[in-house]
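A quick write-up on the structure given underneath.
The values are calculated or read from the model by the stated rules, or taken from the named source; none is laboratory data. Keep in mind the model is a prediction, meaning the values are calculated, not measured. Every residue, glycine among them, receives a Cβ derived from its backbone with ideal geometry; neighbour counts consider all protein chains shown.
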Amino acid sequence: MSTFKPDRALLNPKFDGYKLAPLSQEEAVSRFPLPFKLSQTNVSGRSYVTFQEVQSRISHNHLALSPDGTAVYVDGDLRVVCVRLDEATLVPSFHPVCELPKSVESPETQSLQREYPSAAFLDSSSLFVADGHGLLYALRIVSSAPAEISGTFKLSIPAIYGSSQAVVPFRIHQAALPTPQKAILILSSKYYPQDTNADQLNGSSRGHMKAAAEFDIWAVQFDLPLPSSSNTPLALDILWHRRGQDVPVYTTFDAVRESFMLVGGSSYRPIGVVAAPLYEPSPDEIAPIPRAGENLDAAQSQKPPPYSWTQTTDSVTVAIPLPSSTQKENIRASFSPHTLTLFVRGDPSLSDRESDNLTHVKLPRYDMKTLWDGIQPSTSFWTWDREAEHRYGVLTLHLDKAHEGTRWAQVFAAAGTRPAASSVENTSDEDIEVSETLDPSELWAIRESLEKYTAALRDGTDTSGLGLGSGVPSLGKDEMDDEVDLGVGRTVYLTWVRMDGSRPLYDHSDDAPVHLLSTPFPGVDWKGPPALVVKNGLDGVLYELCPGSNADDAPAWAHTSTYSALSFVLASKRDTRFTHHVSSHAVFAFESGSLDLGGNVYIYRGIAPQEKWAKQAVLKVGGGSAGSLLGIGLQQMSESKTAILCLCEGEMIVLHDVL
């Protein structure tokens, strides 16, 4: 089972914040005009695009890197362009090595929504390219010479998968080489159920918007070497298939475990396997959990309060239960600036004991009862709803506050503060202090948070309850916004699939999800184990996948480093397109730079567990004449020299000496 358990020794409760360690824009950033430009306008207005598709398109990386550092992208004219950096000057060169055939569409054609072109290297010279219209090309690249097309393929969907479309556009996520004789590609496409009609495809009907979109994940295999080029597209050989409610955000292949890991906003299951429904307990199964020293039986037998109340900034509302047989003329209520007088006469045909036994409530008797604060008698009133319940009605007092904005601690003044004139003998339990009524879910949240934080502070531990220190880190004091912080990163599930399509015993994709903050930087995923940065309170915890010893070895994740307060600082970045990390060295958050807004990259450095301050830097990348940022990749020029390629709409930007 995949588990993410933080190591307390690697957490840093004494972390105070990030200090700016500026990088020179002129020295760290080089800009080069893009001779072959990209285009983001591939979305057809004639077909409906789901939220998941939009989210996938925003985070789509248009740049693909090979193990030797060669980068490729597909421009707006479907030309496959190779990009290579000069090791000495870091000046990029651009070579179009292939031009893919263009798909011809007519307005009368009922076309599916296109995908962005995508590419993935199998090795340094073998490249697979999808044109976004439904065709896959296998290319052989040698230096800057024109590429050789080894084969053309299409995704023909068998009827067993229940699709209304025989061929659909798809996107490449990964190319793996498990053996020298076999290659496997991971693809994704939108699922079109068999009841999808033409109106739903072209967007003229919105009825299908209510149904949750689903996506197919395909593993297709190739025997190597590939067959000779053919003008007729061949059907892809489908190895296995999964289906989920989101497009994967990260995929990787574990050669030792002979399995693929799919990371996405849902689990991915075979067809015919229904996702496990959320269990909803019945009211009889819901039982309160006693706290230390708490007697639930005694608590349940306690008499309910004589009234409930709530307040706004300018009024207080008091609800008093009365027998539904009470007549309106038997209710006497009067208001003064500081007191309440209320008498209710019961059913004269019943004795007081019979009335109490029947209704289990006592009739209120308030004789000039002092209120907690002043009211305006002229605008205060009461209402009686005798049909509110079958056995009970509700007498509602609407008290207009004399001092708007003053929050009442309770309805009535404490007994010690009551004037002598109003100290009369009362026959009801009116002196019981009744807490203000709140929404049950809000009460539950308040109780849980109070128990957690007060216990932690009382015991001298930190606010996470992990025993790591006291108080809140200074970085987060008076700055935390739970609603904003919860929106950082993505909630993801991990699904494991064996190379042959079977489900390994250690796959627990229906378990609790994790909150993903960052994935490995494109280009470094060729080297080293997979690593994910997962949200842990305000921090980002770096987990690396431990190497397996055999195919049945369950995956284990080791906490190797911590980016303190990473979740907190990322919460303020509202236009982030890519967030990737380079091991424990740094996390890069790239803004999209669309509409001439932002376009920065924020760099957060890793530190040792006991250090109080970390370094951060900001560089301008996209936006302006460069346009939106569309792709990124990291190239290792030497053991001590790296370069980051930033592919924008109009420029190729190279970052150097930033790690």
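A few remarks follow.
- Within region 539-553, considering residues that are over 17 Å from Val263 (Cβ atoms) and among the small types (Gly, Ala, Ser), the one farthest from the chain's Cα centre (by Cα): Ser549
- Qualifying residue in region 497-514 (condition: within 28 Å of Ala643 (Cα to Cα) and either assigned to a loop (DSSP other than H, G, I, E, B) or in contact with a helix residue (DSSP H, G or I) (Cβ under 9 Å, 6 or more places away or on another chain) (or both)): no
- Counting only residues that are more than 21 Å from Asp657 (Cα to Cα) and outside any loop (DSSP other than H, G, I, E, B), region 627-642 holds 1 of them.
- Residue match in region 157-168 (condition: closer than 26 Å to Val83 by Cα, in contact with a strand residue (DSSP E or B) (Cβ under 7 Å, 6 or more places away or on another chain) and assigned by TED's automatic domain parsing to the domain that holds Asn231): no
Residues checked against (1) buried (at least 22 other Cβ atoms within 10 Å of the Cβ); (2) touching a Phe, Trp or Tyr at 6+ places or on another chain (Cβ under 9 Å):
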{"residue": "Val129", "(1), (2)": "yes, yes"}
{"residue": "Tyr137", "(1), (2)": "yes, yes"}
{"residue": "Val142", "(1), (2)": "no, no"}
{"residue": "Ser156", "(1), (2)": "no, no"}
{"residue": "Ser164", "(1), (2)": "no, yes"}
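Here's the yes/no breakdown for (1) at pLDDT below 90; (2) among the aromatic types (Phe, Trp, Tyr):
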| site | (1), (2) |
| --- | --- |
| Tyr116 | no, yes |
| Val167 | no, no |
| Phe170 | no, yes |
| Asp195 | yes, no |
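- Scan region 197-233 for residues that are modelled with pLDDT of 75 or more, among the hydrophobic types (A, V, I, L, M, F, W, C) and outside any loop (DSSP other than H, G, I, E, B) and the total you get is 6.
- Matching entry among Asp352, Asp314, Asp356 (being surrounded by fewer than 18 Cβ atoms within 10 Å (Cβ to Cβ) and at pLDDT 85 or above): Asp314
- Any hit, region 530-550, residues being in the same structural domain as His62 (by TED's automatic domain parsing), touching a Lys or Arg at 6+ places or on another chain (Cβ under 7 Å) and touching a residue at least 12 places away in the same chain (Cβ under 8 Å): yes
- Region 582-608, subset among the polar types (S, T, N, Q) and not in a strand (DSSP E or B), residue modelled with the lowest pLDDT: Ser594
- Only one of the numbered conditions (1) at pLDDT 85 or above; (2) more than 35 Å from the chain's Cα centre (by Cα) is not met by Ser301, and that is (1).
- Pick from region 57-106, criterion more than 31 Å from the chain's Cα centre (by Cα) and of a type in the set (Val, Ile, Thr), ranking: farthest from Gln636 (Cα to Cα): Val104
- Wholly within region 6-83, strands (runs of 3 or more DSSP E) carrying at least 2 residues that are buried (at least 17 other Cβ atoms within 10 Å of the Cβ) and among the β-branched types (Val, Ile, Thr): 71-74
- Yes/no for Ala617 being closer than 24 Å to Tyr18 by Cβ, in contact with a Leu (Cβ under 6 Å, 6 or more places away or on another chain) and part of a strand (DSSP E or B): yes
- Residue check: Trp382 meets all listed conditions (1) surrounded by 14 or more Cβ atoms within 10 Å (Cβ to Cβ); (2) at pLDDT below 85; (3) not in a loop (DSSP other than H, G, I, E, B) but one, namely (2).
- Top-ranked residue of region 619-637 - restricted to ones that are in contact with an Asp or Glu (Cβ under 9 Å, 6 or more places away or on another chain) and aliphatic (A, V, I, L, M), ranked as farthest from Asn600 (Cα to Cα): Met637
- In region 167-188, the qualifying residues are those that are assigned to a strand (DSSP E or B) and free of Cβ contacts under 8 Å to residues at least 60 places away in the same chain, and the one that is farthest from Ala212 (Cα to Cα) is Thr179.
- Inclusion of Ser567 among residues that are touching a strand residue (DSSP E or B) at 6+ places or on another chain (Cβ under 8 Å), crowded, with 18+ Cβ neighbours inside 10 Å and not in a strand (DSSP E or B) is warranted.
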